[in-house]
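**Q** If you scroll down you'll find the structure; I have some questions about it.
The values are calculated or read from the model by the stated rules, or taken from the named source; none is laboratory data. All values derive from a computational prediction rather than experimental measurement. Glycine also receives a Cβ, built like all others from the backbone with ideal geometry; neighbour counts cover every protein chain displayed. Side chains are part of the model used for accessible areas, which takes the heavy atoms of the whole protein and leaves out ligands, DNA and RNA. Shrake-Rupley method; radii C 1.70, N 1.55, O 1.52, S 1.80 Å.
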Amino acid sequence: MLSLVVLISGGGSNLRSLLEAAEDAEYPARVVAIGADRDADGLEHAEAFGIPTFVVPFTSYPDRESWADELLASVRVWSPDLVVLSGFMRLLPERFVQALAPNLINTHPAYLPEFPGAHGVSDAIAAGVTQTGASVIIVDNGVDSGPIIAQERVAVLPGDTEHSLHDRIKIVERQLLVQSVLDIANGTVNLQEPQQA
Ligand code: GRF
């Protein structure tokens, strides 16, 4: 059974999809703790599913490094097999990434390497593309630049707003995340050698 710590900043719908998947006794992963960098709305899912939480507020620390050191310490309390960044909206310093790599994955609302960064959905709309997508990647020291575990295309429809497009992307993103964790747990995806999976 793969143990997961999930880190969130927002509403946590991706987190919730993992929690729901893990209700199936045959799903080979369990969320053991949920962390956030703020008092995120998505922490309510933790309460609903009876999962412990921790909050390490970014704004309570003098710099990114000291904040991330505390976050890492809070993650390590749970000795997870895998850490999932799921709508976690803070850049993590190199030493946090190195401490967990390659057992650190992230979801992204675009078809990487297209539209990396915090504005992947609005950037796709601004670029006028007819297709974007969703991706799950292994986190490396770049911004959304790590090896891709899974991705799928999503059409941009005439009249789409950032909100309407993001809603449709997130439906795909949630499925990709649940499938990626399943694939990691059963060895179909090898995080040490993702290209050969
Ligand atoms: C996801 O699209 C994630 O990739 C992006 O923000 C969204 C978070 O959604 N960075 P939620 O908090 O899981 O609902």
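**Q** List every residue pair whose Cβ atoms lie under 9 Å apart, where the two residues are 6 or more positions apart in sequence or sit on different chains, the first residue falls within segment 138-164 and is more than 16 Å from E114 (Cα to Cα), and the second residue, located anywhere, is among the polar types (S, T, N, Q) and open to solvent by 70 Å² or more (accessible area, probe 1.4 Å).
**A** Short answer, once both residue conditions are applied: N141/Q98; L157/T130.
**Q** Looking at I148 and the list (1) open to solvent by less than 60 Å² (accessible area, probe 1.4 Å); (2) outside the structural domain of E23 (by TED's automatic domain parsing); (3) modelled with pLDDT of 95 or more; (4) of a type outside the set (K, R), which single condition is not satisfied?
**A** Single failed check for I148: (1).
**Q** Quick check on segment 63-83. Is at least one of its residues open to solvent by less than 10 Å² (accessible area, probe 1.4 Å) and within 12 Å of the ligand (Cβ to nearest atom)?
**A** No, segment 63-83 has no match at all.
**Q** Have a look at V56, V31, V97 and point out the one that is modelled with pLDDT of 95 or more, open to solvent by less than 40 Å² (accessible area, probe 1.4 Å) and within 15 Å of the ligand (Cβ to nearest atom).
**A** It is V31.
**Q** What residue, of L177, L191, is open to solvent by less than 30 Å² (accessible area, probe 1.4 Å), touching a strand residue (DSSP E or B) at 6+ places or on another chain (Cβ under 7 Å), in a loop (DSSP other than H, G, I, E, B) and at pLDDT 95 or above?
**A** L191
**Q** Of everything in segment 156-174, what is away from the ligand (no atom under 14 Å from the Cβ) and either in contact with a helix residue (DSSP H, G or I) (Cβ under 8 Å, 6 or more places away or on another chain) or at positive phi (or both)? Give them in sequence order.
**A** V156, L157, G159, D160, T161
**Q** In addition: Check off (1) open to solvent by less than 40 Å² (accessible area, probe 1.4 Å); (2) assigned to a helix (DSSP H, G or I); (3) farther than 20 Å from I8 by Cα for I169 and give me the number that stays unchecked.
**A** I169 satisfies every listed condition except (3).
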